[in-house]
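Q: Here it is, the structure, as structure tokens.
The values are calculated or read from the model by the stated rules, or taken from the named source; none is laboratory data. All figures in this text were calculated on a predicted structure; none of them were measured in a lab. Counting neighbours? That spans all protein chains shown, and the Cβs are built from the backbone with ideal geometry, glycine included. Ligands, DNA and RNA are excluded from the accessible area calculation, which covers all protein heavy atoms including side chains. Shrake-Rupley method; radii C 1.70, N 1.55, O 1.52, S 1.80 Å.
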Amino acid sequence: MSHETDSKLGLDPAAVASCRVAADAIATDIDGFVRRHTTVAVERTVTRLLGVDGVDADAVPLPNVLVDRLQAAGRLGEGVARPLVAAVAATGREPREVAEAVSAGELDLLAVPEPGEAELRQLGARLAQQAVDRVAANRAERARLQAEMQTHPDPLLYVIVATGNIYEDAVQGVTAAEEGADVIAVIRSTGQSLLDYVPFGATTEGFGGTYATQENFRIMRRALDEASARNGRYAMLCNYCSGLCMPEIAAMGALERLDMMLNDALYGILFRDINPQRTLVDQYFSRMINAWAGVIINTGEDNYLTTDDAIEATHTVLASQFINEALAARCGLVPAQMGLGHAMEMDPMAKDGFLMELAQAQLVRECFPEHRLKYMPPTKYMTGDIFRGLIQDALFNLVGVWTRQGIQLLGMHTEAMHTPHMADRAIAIESAKYVMNNARSLADEVEFKPGGLIRRRAASTVAATVELLTEVRDLGLFEALAQGRFAAVKRSPTGGRGLDGVAERAPDYYNPIEDALRASLRLEA
Amino acid sequence: MSITGRTGATPPDPTRVRPYGDTLDDGQVQLSFSLPLPYSPEATEAARLLVKKMGMLDPRVYHAKDLGHGYTFFIVYARCAASVDATQIVVPKIEGDRMSKKEVDALIAERIGRPLVILGATTGTDAHTVGIDAILNMKGFDGEKGLESYHGFETHNLGAQVANEDLVAKAVELRADALLVSQVVTQKDSHKITLGQLIDMLEAEGLRQRMVVVCGGPRISHELALELGYDAGFGPGTRANDVGAFVARQVIERGLA
């Protein structure tokens, strides 16, 4: 919102602007750190985008086989592209064939003589361009399909499937799409975020969700494409670009035309105890891939309100959204690709809680006017009383349409009971369609009273956000995380999982995929 | 069976309890479910027959909704012919009156004289910390402060996705008096496997009897916990003081401190 007259909340534009200035300084600091480092996940991603896929006889993914060799030799900081491209030059084989030969013990990846630097870079650039072109073709295909089909007005209706079995997920996803869901997210098996490799092939066993594998992505994409064609509405596919394999999942999603990805800069640090350095390096590369693939990312600030109190901690959500925005912008993501997350998690029995929720949702909308905001439903206070739950979700849908959220993750009245049954999802979709259609133009009709509770609540949240962001800027993001400024969780820069997979970039570090992405996205080299 | 309403001011008979709709013993129940059949009059009839086969009387399909792709959802009302004798039911419960935070702290100060060391974790692959945080962390839940705020407890919240081995190792290192294990994900009974493994490990290490071990979560009952070898199980609605009181009493009763 550029000036006060646009704001239904009477927000002070100077305060909002100072949030952005502080967040930008925080992102600049992180940007410098990221550019000096790489990780095993980043390097595995490079191999995947150069065409390496498959597993060895022990079911170890070939990207891991290559990068593990590099790391074991203490050469991770050079980047895997250097020996891989050299091997392609020396043998005339494709990168995938090189990986197979290395895994079979026929080729020593680290003993291949390098061609001259110019030749290496020329070949690397050519291979990287093929990857970038393939992703661009998927993006164009999505645009073509979307142009041919109807689109639902925002908020998009987003539902999850989580059976553990990809073939069952496909059935559930297709029924949800038929009922009117715009986005189908396949929840990942609990624990996958902590695996330092991506499982391979189609999977039928998972806990609380289904493994994210490239083959599973393909199966869902095919099922949803068929449903989209039948329904005349494009069904978006979403998965989790998070955990220790964040950028690899981004690459797999880009190759299989996923449309949306959960992709937060801080989530893994706070909620999965993944090392902060590892996550910040990984999120950067994954977001460049998502940016180029035209993927809408979803950030995870909603989670802050389940570990912290939702009435007291709304400013931490807003502050984190500004940080996520600033970091995402550096990776080439545009506002329409930023699904900044927040949630309706206040105690439903709180007096005027609905007004506070409305104030917060409107505040986020006004701070991020062009963003595809991701609004998350009540979970913390869902009880197993499905009848009360339906009403909570109805109020949530009312706030969503009223404040023009971008993506509405539909609440399930059976939240806290089981992963959604097919009928639970159908009831949620029907109820969302009813509320949202019935109140579609509410935002055009209602203003908020100057000096009233809603405006006062928004103003105090902004004031607390300015204060928090200023503090984080002065401390630096790493120190702020160590002190527990977000989600009431403390994370040290040297703690958590995955630090051993981080390396400082050597002076001759080479990553042709990053170079090609930076050029394609017109980012600073 | 005969289902009749009250003929006078008849009280319900606890030896043969049936569902109550609006008349004593009418047996009214509501069911909802989906069938893998395309939305059609035949699907509706299938739903009705299915409910009849459950032993229900007079099933009425009030709502059928096309879920698409060959599936249909139903809302059915029927009368339940079965009854139970409620006078014969025994449910294991955690004994003892509820105690406030103040009372728990006073009990520990008086009878134990040092803070009890409590370790909490969500174990296995489960990533949900909501439950363990609500019981352990300062903030607590629903206005009831967590055990971290008690003088009588030294708490260590290890967070989520903690391997059972790590929890056991930490318990030894910190000389834990009690372990609190949270399990939220119950798909394919993953919680029972993870919970069972911990008890096996503690027993193998000879630690099981030396500490109080309890579990909690939305699908955890006291009965299930006892079956799995825990001292207690805490379900939805549990507050920190409930857990605190149980742990303090157990330590005293078993002479563990």
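Q: Among the candidates B:L31, B:L24, B:L35, single out the residue that is open to solvent by less than 60 Å² (accessible area, probe 1.4 Å), free of Cβ contacts under 8 Å to residues at least 40 places away in the same chain and within 14 Å of another protein chain (Cβ to nearest Cβ).
A: The match here is B:L35.
Q: May I pose another question? Take the conditions within 14 Å of chain B (Cβ to nearest Cβ), at pLDDT 95 or above and open to solvent by 10 Å² or more (accessible area, probe 1.4 Å) and apply them to A:Y267. Does it pass?
A: Here the answer is no, as A:Y267 does not meet what is asked.
Q: Sticking with this structure for a sec: For the condition touching an Asp or Glu at 6+ places or on another chain (Cβ under 6 Å) and buried (at least 24 other Cβ atoms within 10 Å of the Cβ), what is the one hit in A:V52, A:V42, A:V46, A:V67?
A: A:V67
Q: With respect to the numbered conditions (1) open to solvent by less than 10 Å² (accessible area, probe 1.4 Å); (2) within 14 Å of chain B (Cβ to nearest Cβ); (3) at pLDDT 95 or above, which one is the sole condition not fulfilled by A:L262?
A: (1)
Q: Kindly provide the set of residues from segment B:81-101 that are out of contact with any strand residue (DSSP E or B) (no Cβ under 8 Å at 6 or more places or on another chain) and under 16 Å from B:V17 (Cβ atoms), ordered by number.
A: B:A82, B:T87, B:Q88, B:I89, B:V90, B:V91
Q: Find all pairs meeting these conditions: Cβ atoms under 9 angstrom apart; at least six residues apart or on different chains; first residue within segment B:201-226 and touching a residue at least 40 places away in the same chain (Cβ under 8 Å); second residue assigned to a strand (DSSP E or B) and of a type in the set (F, W, Y).
A: B:G216/B:F234; B:G217/B:F234; B:H222/B:F234
Q: Also, quick follow-up: Counting just the residues of segment B:121-131 that are open to solvent by less than 20 Å² (accessible area, probe 1.4 Å) and touching a residue at least 60 places away in the same chain (Cβ under 8 Å), which one comes out nearest to the other protein chains (Cβ to nearest Cβ)?
A: The extreme case among them is B:D126.
Okay, residues lined up against (1) of a type outside the set (F, W, Y); (2) under 22 Å from the mean Cα position of the chain (by Cα); (3) within 24 Å of A:E205 (Cβ to Cβ); (4) open to solvent by less than 10 Å² (accessible area, probe 1.4 Å):
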| site | (1), (2), (3), (4) |
| --- | --- |
| B:K145 | yes, yes, no, no |
| B:S149 | yes, no, no, no |
| B:G159 | yes, yes, no, no |
| B:V214 | yes, yes, no, yes |
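Q: So for segment B:202-220 (the condition being more than 14 Å from chain A (Cβ to nearest Cβ) and polar (S, T, N, Q)), does at least one residue qualify?
A: yes
Q: Would you check if A:R93 is in a helix (DSSP H, G or I) and among the charged types (D, E, K, R)?
A: No.
Q: I've got another one for you. Does segment B:75-87 contain at least one residue that is crowded, with 21+ Cβ neighbours inside 10 Å and either modelled with pLDDT of 95 or more or in the same structural domain as B:T23 (by TED's automatic domain parsing) (or both)?
A: yes
Q: Follow-up question, since we're still on this one. I'm trying to understand the selection: among the residues of segment B:176-194, which are modelled with pLDDT of 95 or more and not small (G, A, S)?
A: Hits for segment B:176-194 are B:D177, B:L179, B:L180, B:V181.
Q: If a residue has to be buried (at least 21 other Cβ atoms within 10 Å of the Cβ) and either more than 14 Å from chain B (Cβ to nearest Cβ) or within 30 Å of A:Q129 (Cβ to Cβ) (or both) to count, how many in segment A:484-501 make the cut?
A: So the answer is 2.
Q: In addition: Only residues that are touching a Leu at 6+ places or on another chain (Cβ under 7 Å) and in a loop (DSSP other than H, G, I, E, B): list them for segment A:265-295, please.
A: Residues satisfying the conditions are A:A265, A:N275, A:V295.
Q: Identify the single condition in (1) in a helix (DSSP H, G or I); (2) within 30 Å of A:V446 (Cβ to Cβ) that A:A99 does not satisfy, given that it satisfies every other one.
A: Condition (2) is where A:A99 drops out.
Q: Still on this structure, please answer the following. Name every residue in segment A:187-222 that is open to solvent by 20 Å² or more (accessible area, probe 1.4 Å), farther than 20 Å from A:N298 by Cα and within 13 Å of chain B (Cβ to nearest Cβ), in order of residue number.
A: Residues satisfying the conditions are A:L195, A:T204, A:E205, A:F207.
Q: Take B:R60 and decide whether it is of a type in the set (D, E, K, R) and buried (at least 16 other Cβ atoms within 10 Å of the Cβ).
A: no
Q: Taking segment B:216-246 only, how many residues are more than 22 Å from B:V185 (Cβ to Cβ) and open to solvent by 30 Å² or more (accessible area, probe 1.4 Å)?
A: The total comes to 3.
Q: Can you pull out the residues in segment A:414-434 that are of a type in the set (G, A, S), more than 10 Å from chain B (Cβ to nearest Cβ) and touching a residue at least 60 places away in the same chain (Cβ under 8 Å)?
A: Once the filter is applied, which keeps residues that are of a type in the set (G, A, S), more than 10 Å from chain B (Cβ to nearest Cβ) and touching a residue at least 60 places away in the same chain (Cβ under 8 Å), segment A:414-434 yields A:A428, A:A432.
Q: Test B:L179 against the criterion of being open to solvent by less than 30 Å² (accessible area, probe 1.4 Å), part of a strand (DSSP E or B) and farther than 25 Å from A:G209 by Cβ, and give yes or no.
A: Yes.
Q: Something else now. Check A:L481 against each of (1) part of a loop (DSSP other than H, G, I, E, B); (2) open to solvent by less than 50 Å² (accessible area, probe 1.4 Å); (3) closer than 30 Å to B:L136 by Cβ and name the one condition it does not meet.
A: A:L481 satisfies every listed condition except (1).
Q: Collect the residues in segment A:28-47 that are more than 19 Å from the chain's Cα centre (by Cα) and of a type outside the set (A, V, I, L, M), keeping them in residue-number order.
A: Residues satisfying the conditions are A:T28, A:D29, A:G32, A:F33, A:R35, A:R36, A:H37, A:T38, A:E43, A:T47.
Q: Just to verify a result, which residue in segment A:374-416, among those that are more than 14 Å from A:D154 (Cβ to Cβ) and of a type in the set (S, T, N, Q), is surrounded by the fewest Cβ atoms within 10 Å (Cβ to Cβ)?
A: Across segment A:374-416, the extreme among qualifying residues is A:T383.
Q: I need the full set of residues from segment A:417-427 which are open to solvent by 10 Å² or more (accessible area, probe 1.4 Å) and of a type in the set (D, E, K, R), in order please.
A: Hit for segment A:417-427 is A:D424, nothing else.
Q: Specify the residue that is surrounded by the most Cβ atoms within 10 Å (Cβ to Cβ); the eligible residues are those in segment A:296-346 that are in a helix (DSSP H, G or I) and within 14 Å of chain B (Cβ to nearest Cβ).
A: Step by step, filter segment A:296-346, then rank; the result is A:Y304.
Q: Something else about it: Among the residues of segment A:136-157 satisfying the criterion of being of a type outside the set (A, V, I, L, M) and under 20 Å from A:A254 (Cα atoms), which is nearest to the other protein chains (Cβ to nearest Cβ)?
A: A:Q146
Q: If you don't mind, another one. Given A:G384, A:G411, which one is among the small types (G, A, S), assigned to a loop (DSSP other than H, G, I, E, B) and away from chain B (no Cβ under 14 Å)?
A: Just one listed residue meets the conditions, A:G411.
Q: Taking B:D200, is it surrounded by fewer than 18 Cβ atoms within 10 Å (Cβ to Cβ) and over 19 Å from A:G208 (Cβ atoms)?
A: Judged against the criteria, B:D200 is a match.
Q: In segment B:55-99, which residue that is within 30 Å of A:G173 (Cβ to Cβ) and part of a loop (DSSP other than H, G, I, E, B) is farthest from the other protein chains (Cβ to nearest Cβ)?
A: B:G70
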